[in-house]
Structures are given as structure tokens and as C-alpha cells.
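This report concerns only the one structure given below.
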Amino acid sequence: MLRVVLAQLRQRAGRTTALLLGVLIATMGFTLLTGSAETSRLQVIGEVQANFRAAYDILVRPPGTRLPLEQELGLVRPNFLSGQFGGITMDQYEQIAHLPGVEVAAPIAMIGYVTAYAPVDLDLTDAVDPSLQRQVIRIKPTWSAATGLSVHEAKPVYVYVTRNDVLWRPTETDACEGTIVSAVEVQPDGEEIPLCQGDGSGPTLGEVKYGLDVVRLRPDGTFDRGPDFPHAQQRLTTRLVWPIALLVAAIDPAAEADLVGLDAAVTDGRYLTADDRPIDDRDLYSSWLYTRVPVLATTTPGLDEGLTASIDRVVGEAVEGLPGAAWGVAREALDRAGGQPTDVAVEYTATDAYRRLLADVPGDGAPFGSMVPIVRSGEPRYAVAEDGSLTPQPIDVQPSVFVDERQPGFVAGWSWLLADGGFRPLQQVPPPDRAQLLYADWVGSFDPANLTRFSELSAVPMETYFSPRATGADDRSRELLRDQALGPDSNPASYLATPPQLLTSLYAFPGLTDAPAPLSAIRVRVAGVEGFNDLSREKVRLVAEAITAATGLDVDITLGSSPTLRTVNLPAGNYGRPELRLAEEWSKKGTAAVIIQAIDRKSVVLFGLILVVCVLFLGNAVSAAVRDRRRELAVLACLGWSRRRLASLIVTEVVIVGLVAGVASVGLALPLSSLVGVRLTVQHALLAIPVAVGLALIAALVPALRAARTHPAAAIHAAARPPRRRRVPRRRTIAGLARANLWRVPGRTALAAAALGIGVGAVTILCAITWTFHGSVTGTLLGDAVSVRVRGVDIVAAVATALLGAAAVADVLYLNIRDRAAELAALRATGWSAAALARLVTYEGLGMGLIGALTGAAAGIALAVEFAGTAPTELVWVTTATVTAGLLLTGLAALVPALLQRRIPVSTLLAEE
Amino acid sequence: MPTGAEVVATGLTKTFRSGGSRIVAIEDLSLTISPGTMTAISGPSGSGKSTLLHLIGAIERADAGSITVDGREVTSLRRRQLDAYRRTVGFVFQRYHLLPTLTALDNVLAPVLPYRVRFDKTARARQLLDAVGLGGRERALPGQLSGGQQQRVAIARALIGEPRLLLADEPTGNLDSRTGEQILDLLVKLRDRYPVTIVIATHEQHVAARCDRLIRLRDGHIVDDVDLTQGGEPADITLGRIGRLRV
């Protein structure tokens, strides 16, 4: 029998080559596609491996601090430290630090907000008109926050500039409503008139209050500002005060250095040491005892605040009437008066002001001033909407929390922002010892940007150092925010809380380590975690369990966590900030594990699809070969060949072809794989041989069985069967004729359509899986980045599957043309042009394409909806696109047989002699 | 009244390559077919009958020589002109070559399917089916028709484009003699009814005997050319003619 088979293969070289090419294409496709699927799988895991290493693996928080929301969704909220003031004891910290497997345990104790007053100096020299005898420079400050959405126009500040002589002597006069006057203006006629300056004592309840600043313009053009400024001033400046709330936290210097390399992030001064202690001293003037606390200050306060000021010049009546007038009266007149514009404009950010503060550090400096009172902010309360978005509930902010008992009337840290409303309940905490004053004593500055870089993709909550950012979640909000991120501000009750800007040592803040439970959180890095694998996960899990067992604290495994966006509806503020829909980064725990599992599933699906398409393609080729030989087989059957022999004839033939194709594809796949950038091992390439043989066998199964059933009478039947349907609609168009032709060999049409449909379906499914990365399965930055990577290779695989499907369509069209060559020749003889015939073939191809693409896309949609639980509109667009692409593809594929059809030997087919 | 086309062939030569050898199908053949006649081309298998028909029908291109139909040089036509020319020629084959998916009516319509024509296609197709005796079977599929009926459909199909030249290659070759006779009767009737020149390639003497003229080929050459209307009857077909007269 082998001789018959070999003779067959040799004699029918054309058909053998066609079959061989079919198996070769299918096997090559399989090898390369599975290779690319394997490559993409490795890439994804590689990505996760490279990115999962975060600063810490476990987050330990006081018991009961995990919000129900976090519990439910496996999230860690941002600002998890902000509402957390203590709850973990030093003993618990010691226990954790000494647990086996703990590499670093870094405690952090949140102390609270203190207020620093940053100086903002405005140069008014150019606003002064030296020709005027008397003038008032009016400064109108406009404060802003929330990327400029919240705006507060503060009361103007006035500087009185006179060319008259000024006597700098304290004077008490009735005219000034009992306030002390320190300047008396000497009028040209010699009359001395006191200048009422009002109470410029600094911030009071409601607003920083400014009195009248008096300046004498000397004939030489210099400015005389009284005894506080002994030297002649070349420039005229005035100073506004910017109250900045700074969050203070205490850390363990050694642990923090190990965890994030804080010591290496110091840009100026020195790092905190384990030996830093509070320094007690006595104030020389008040003789109060005070304590200086060493602090390491951030260079980046991360505040979203700004200041602009417009400056104009007031002359005339309001100025003339100023000398001798009570400040309140004079001020009202000045407020109402028109002004002459000047060229002086001022623009500042909170960071400018804060850095100015740092620059003012004296040699042993305490630029941040008094740390009393200390204010703590709590957690916002959320209302959860049906769509899962969160709405923080506004609360009233009571200014009284900022009043220091020892200085009643002086509201430390009062900023207009507090009147903007808030979401975090505020509470004043008593200083460690009421008898003392507390000063923050600068020892150095650190730049958070210099901290050890951890993967941005798998950033665990790093509120210790970085400002939380919230971006617009819808077009309206993005537009309002001008595509900027909303940042925190000096209002401790604001929704977004600042990271601690001042860090001190646990041991340098008076009384902290003696408090019952001073620590807010402990971040734990587990030893020996290398790569995101089961072993590492197990190690982390063991340590986490040990911590829970030993301390009973809330423990979150953050290993492999990744930022995920939550939608927050921020209610409108009182200063013009409209309601905003924000996307805020929360941390999704265990993202890496989810991604790896999802990719594994996807690989399996792709493998399966590729295999199915290959089998369909081959099955078609083999069954066509068998059909071609029906008469021949029938003759053999006539000659007495048994069914089994007939079947094995086909199978042997196909297996030989498969074997040759398999070997050939090994030889081709290896160089080709490096060409298209698919990593292919020799073992994987060798897999092609059994795959080719196996595929050929599976594909040959049905045709072989059919061959075995060959009836001797088939020898006299025509090759192309007439349609079975009795009722035949009219075919008066080429398209109608094409449609009729599709029904002639329905199995073949179905096979080609299925092959294409699987490709189209694969693309759709891929989009669905990709979509779930954005959606509920992972929906994280890490998921996003991975899917972007995956998309490239996977789309190639899926599109290649679709191409293989289109090739199957072309193959079927070609077989059809061969089968019906005589018919086509007859049409050609009756005057059909080659173009008309090409149209007929193309229409048939498009028909198969339409069936396949629609079925595939429908299956894809169904699976996607099943997978994702919803049918997003994007999916419909994607599906429309894939169907269109599938049609175009088959249209293109049909061109080949449509062109080949021209080569039909019309004359030979029609000749009767 | 318009008659069929006049066909003039001059110095026609056509060779085929088969494997390594050259086969001369037609060699330096010249002939003129008068309009409105029914001519039989006869000869043994391989004598060049089909080739001559294919050359006249522009299915095949001649290696040398020219064919002029109604004064139009066919051999020099471009591809598009060839397609148009073929539409003015009707073809009937031994194996009918009907499209199995199409009804009889649609098969008749098939040649003009991709094109616009001056006449009402469907009406003409029905009329032709009537003319070939298949009125009422318009909706039958080829598989539901007998061989003779299928050939009638094929003849109707050949006439749909109002051809002035009808080429039939062994039109009765697949039919029993009785049915074959009926087809011949039909062709004769059509020649009388429509302005068409008919050329039939056949190896059957009784078919040739029904024609106006008989051209005999052997090895690509004309060996005999007899005008049967003028009583010039080669002895070997007289029997066939007598046989017919008896009918």
C-alpha cells in the first residue's frame, strides 16, 4: 500500500505540494503563535516580577482602623496615615521588629499639624511715584487653592508713603481710638499730626490683620521705615504672612533609612540620628521653659496653593484725610478710593513661600517657630454611591481648635482655607507638657525625590513622603482642573491630606515613647522575598500571620499591590471650587497574583483557538484532497479494496505529508521566530513535528472515514453536487449567484467561516480580556501597563489567527474554483469577462467572511459580556471594527483565487475532443 | 431582414504544447461561412473540430491567420472587446455546462447577468425557453431535467444575447439518437426563425447530413467541403439523408 501512497504523492505532485503547504502554514502558525503566546506570558510575569518590589510587604495598623470599604474590596485607602494618631504600642513594635523573617519594621507616629508663617516680601519700589508728596500703595492679595478653583480676595494692605518728615515716637492720642501711634507726620507748615496705624498685631480670628505701614520717602530717594530699620532702604518692601500648616511625624531614623533610604535623601544639613533628643532651654525674654525638637524638613511641601497680588496707588482725598484720622475711618476711605495702576505684579506659590521659610534658617535655626498648638485631623466619612463612587461628607471646622489657651485671641494657623469647609474632624492635642513651649528645630532638609526608587507601578501607599494626587474623573472635572492634579492644602480638614513635611525621631519628641500607644503604623519588609512567586508569597503570609498572632493588630499584605483608581465626588467648597469628580489612587492588594492568573487563562484560550483554526484549515485541505480523488477511490473500491484499507490509504498519505511539513516547519520556524521577535526554544520548535502529524491525523479523520464509505458508483457521479434544496430562489445578480454557490458545499463554507470566525472571535475575546484589566478584575496601573505590553504580542497572535482564517477562506475559494472550473469556463465562453468572474469569486469570499466575522464577533460579544458582566459601548465599537476588518481581510484573501480564476484553461475544459 | 454573421477564416494555424511535443491542431486553414447557414464541421477525434470552433468563438487565440466575423477582425481584438464579442456568439456544449444552482430560466439569463442589455432579459429568456419547448419548466433545476432538456436550456442560453453566430460543439454527443434528432430539429428551426449562422462540430454523420454544408477536417486540414443544399452529397452521408427523408 505504501507504494500506492508514494506513487500517489509523486504523481500528484501539485496536490501534494498544496497539502504540504497547508500543513506547513498551519504548523508554522501554531509554532509561532504558541511561541508568541508563551512569550507574552513570560513578559507579563516578568513585568510583575520587576515591578512588584515595593518599599514594604506588610502594613500594620492599629486594630479596627481598616475601613469596611477596604475590607470588602481588598483596598488600602490613600492617606491611611492621615487620620491615624497612635494606636500601636512601643512594645508591639519591638515584638514585630524581632519576629523571625522581618527584615525591616519601620514605625511611624503621626504627631499633628503645626503652623509655620512663611514670609512673602513684595517689592513696591516701582509702584511709588516719587513726585507725589503723599500717596498710599494699595496691595490687594488674592489667595487661591485647588489648582486655582478656590479663590479668596483678602482685604487690601496699605503702605503710606510721604515725603514729609516723620517722627518715630510712640504717642498716645484720642484721635486714634486709644491705640498706640508710633509715627507722627510733620506737615510742611510744621504741624505734627499722628498717623493712626491700627492694630497690626498679626493673625486674629478670621483673617491675618494688617495695620497701616508708614514710610518716609527721603529727598535722596531712599526710604525711612523707622527705628526697626536702622539703615536707609534702597527698596521699599512690605511683607505678607502666609500661614502654612505642616504635618509632623516621628520615625525611627535607622528603620526609615533601611526602608526607603531617607538618610540618602538629605539635601541640606544632616539626617536624624538615634541619639537626637529634645533639647530643653529657657527663653531669654519670657524666661519660659521651651523645648526644641530636631526636625528634618521636606523640600517639597506638596501644597496646592497660590498667591497673586495687584498693586495700585491711591492719591487725593482719601490720602489727604489720612493723617489724624482713626484707622478704621481712614481705611474705609482707602477701600473706596480709586487707584492709579502700577506695573508691579506679584505671583507666588506655597512652595515658594515654604522654601523662603527654609532659606531663612539661621545657623542653629528654628524657622518653623512654635509647634503649639498641635491639631490633628481625623478620617473623612464616605457615602458610597451605587456606582461605587465615594462622597466624603462635609463637616464644620471650628476655629477654636486653633486657639492656644495661653494666647487667647490668637488663632494659630487660621487660614482662609479653613472657612472653605472640610471633611476631616479636627481636634487640638495638648502639648506634651503644658508648661513648655515647643519649637521645631531644623537639622536638615530631605528631598522625597531622592528616596530609594521603588516601582511606580506597584507603589504601596507612600503617604509618608508623597502628596496624594487626585485627577479629574470626568471631562467636566478635568476641564475645571485644566488637566492638573488636585493637591492638598494648608487646611488640615481638607479632603486630600499632606504627607508629613516635618519628620522627627521617635525619641526626639518629648514624651512620645512614654505615651501608651504612640505609633500610627508599622511598615514591614519581609526578608528573602525575591520575585513574585509562591515561596515569597508564603514567606510574607507567614510573617503577616505571626504579626497578627503576636499583636492582634490590623495586618494588610501589600506585596504585589498596585494603585487602583477610585472615583471620589468632592462636594463644592465655599470659595468657588465647584463639585468635582475625582479619580484617587487607592492601593489594590495582591494585584500581581490576579494578573498572573488572568494571563495564564488567556494563554490557554489562545492556544486552544490556534489549534482549532489549524485543524479547520487542515481538515479543509485534506477533505478537498479526498474529494478530488473520489473517483479514484471509487475505482479502488470497485477493485475490492476494503474500507479500512481505503481509510488507511488516506491517513498514511496525510501522515507522511504531516511528517515532512513538521520537519520543514522546525527548520523554518527557528530563523523566522527570531525575525519576528518571538522567543522560541528548540524544544518548542521540535514540538512542531508531533503537532503537524497530530493535526494532520485529526484533520484526516473525517475525510478518511468519508473515503472509506466511498461507493463504487461515485465513479460516475459529477464532482460538484447539485443543491439539495428543492425550492430555489431566483439568482438574477452576481451576488445572488455567489450566495447560491456558498450553499453548494455547505460544510466547506462553514469550515472556512468557522476558521475566520474563530480569528475574529479571538480578537474580540482578547479585547474583552484586555478590557477586564481596566475593569473589575485588576483595573490597576499595573494591570494597565501589563495589558499594554500584552496587547502587542497577543493582538499579533489573534490577528494571525484571523489571517489563518482568511487563508482558509481563500483556500476554500480556490478549491471551489477548481471544482467548478468547467462551469466558470462555460460562463467565460458565453461572454462573462474575467472581471465579472472575479467579482463572483470575491462575493463568495465576502459571503464566507460575513458569516464568519458576524458569528465570531457575536460569540466574542457573548463571551465578553459573560466575562465582564456588562456590555460596555466600547465593546460594540471594537466588535464593529473587528467585523469590518475581518471582511476586508477576506476580501483581500479572495483576491488571490479571484485572480487565479483567470488562469482557468477555458478551451481545454470545454473541448470535447 | 438581417441574417446571421458571415465568418471568414484565412490561414488559421493553432498548435498546442503537450509535455515536450507540439501538436498541430489547425494548420493554414481558410474557409468562408455564409450568413444564415448551418454548417457542420466533422472529422475524427483530434482532427481540430473543437479547436476551430474555439478559435471562431475567441475562446482560443490563433497562432497565425485571421478570423473575420461580419467584416470584424476577431483575432486582433483586445481583451474587453473580446468579452463583448463573445457575448455576440452563442455556445452550446456537449456536456451542457449549466450552472446546477440556477433554475432553467436563470441559466438562460446567466450570460447577461453581469451586463446591461437593450432588451427585457427575463421576457426574452422566457420566450427562448418557449421556443426550445421548455415553457413551464422555467423554475426547474438542471438536476431535475433530462439530458435533452438540459441541452435545450443550453441552446436557449446561447441565444439570450441575440447572437448572429451560434457555435455548437457536439450538441448531441451526450444524447440518445432520438433526443439528438429533436435537438437538431430545434437548431434547424432556430436557424429559420432567428437571424443566426450556426456552426456545428460533430463526428456523427446523421447530424452533418442535416446541415447546409459539410466541412471535413483531418489533422487540422480541410479534406472535404460539400454544399449539401446543391445536391452535392458525399456518398457516405446519403444514407443518413435518405434515413431522414423517410422520417
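A few remarks follow.
- Every pair of different Cα atoms in chain B enters the Kirkwood calculation, which places the hydrodynamic radius at 18.4 Å.
- Aspartates and glutamates whose Cα lies under 16 Å from that of A:LYS155, excluding same-chain neighbours fewer than 8 positions away: A:ASP199, A:GLU207, A:ASP213, A:ASP312, A:GLU332, A:ASP335
- Peptide-level mean, for A:732-745, of C-beta atoms on other protein chains within 10 Å: 3
- If a spin label sat at a point 7 angstrom from the Cα of B:ARG139 along the line to its beta carbon, no backbone N atom of segment B:71-114 would be nearer than 11 Å.
- Local net charge near A:GLN135, Cβ-Cβ under 11 Å (Lys/Arg +1, Asp/Glu -1): +1
- Modelled spin-label separation between A:ALA7 and B:ALA64, with each label point placed 7 Å from Cα along the Cα-to-Cβ direction: 4.3 nm.
- FRET E, pair A:THR349, A:LEU888, Förster distance 56 Å, beta-carbon r, rounded to 0.05: 0.55
- Treating r as the C-beta distance of B:ARG116 and B:ASP219 and R0 as 45 Å, the FRET efficiency rounds to 0.55.
- Counting only aspartates and glutamates at least 8 places from B:LYS121 when in the same chain, those with an alpha carbon closer than 17 Å to its own are B:ASP106, B:ASP130, B:GLU138, B:GLU162.
- Amide H within-cut-off set for B:LEU166, under 5 Å, with H built and near neighbours excluded: B:GLY90, B:THR197, B:ILE198, B:VAL199
- Backbone amide hydrogens, once placed in the peptide plane, bring B:VAL74 within less than 5 Å of B:ILE67, B:THR68, B:VAL69, excluding anything fewer than 5 places away on its chain.
- Over 16 Å [Cα-Cα, segment A:461-545], rounded percent: 73 percent
- Residue by residue, segment A:751-759 carries 3J(HN,Hα) couplings of 4, 5, 4, 5, 4, 5, x, 5, x Hz when phi is fed to the Karplus relation 6.51 cos²θ - 1.76 cosθ + 1.60 (θ = phi - 60°); x denotes Gly or Pro.
- With the simple spin-label model, which puts each label point 7 Å out from Cα in the Cβ direction, the A:LYS140 to A:VAL865 separation comes to 6.0 nm.
- Virtual paramagnetic centre 7 Å along Cα→Cβ of A:GLU579, amide N under 12 Å, in segment A:373-399: A:391-392
- Backbone N within segment A:112-128 under 20 Å of label point (7 Å from A:GLN234 Cα along the Cβ vector): A:121-128
- The sum of -39500 (n - 2.57) across all DSSP H runs of n ≥ 4, divided by the residue count of chain B, sets its helix-only mean residue ellipticity at 222 nm to -9500 deg cm²/dmol.
- Under 5 Å from the amide H of A:ALA470 lie the amide H atoms of A:LEU486, each residue being 5 or more positions distant or on a separate chain, with H modelled from the backbone and absent for Pro and chain starts.
- Calculated from backbone phi, Karplus (6.51, -1.76, 1.60) coupling profile of segment A:842-857 in Hz, x at Gly/Pro: 5, 4, 4, x, 5, x, 4, x, 5, 4, x, 5, 5, 4, x, 5
- Inter-chain Cβ neighbour average for residues B:101-108, partner chain, 10 Å: 5
- Neighbour net charge for B:LEU12 - beta-carbon separation under 9 angstrom, K R +1, D E -1: -2
- Added length on full extension, which subtracts the Cα-Cα distance from 0.36 nm per residue, A:VAL151 to A:ARG739: 204.7 nm
- Spin-label model distance (nm) - A:SER642 vs A:GLN187, 7 Å beyond Cα toward Cβ: 13.9 nm
Values quoted throughout were computed directly from the atomic coordinates according to the rules given, and no laboratory measurement underlies them. Computed from a prediction, not measured in an experiment: that's the story for all the values here. Cβ: placed from backbone, ideal geometry, glycine included. Neighbour counts: every protein chain shown.
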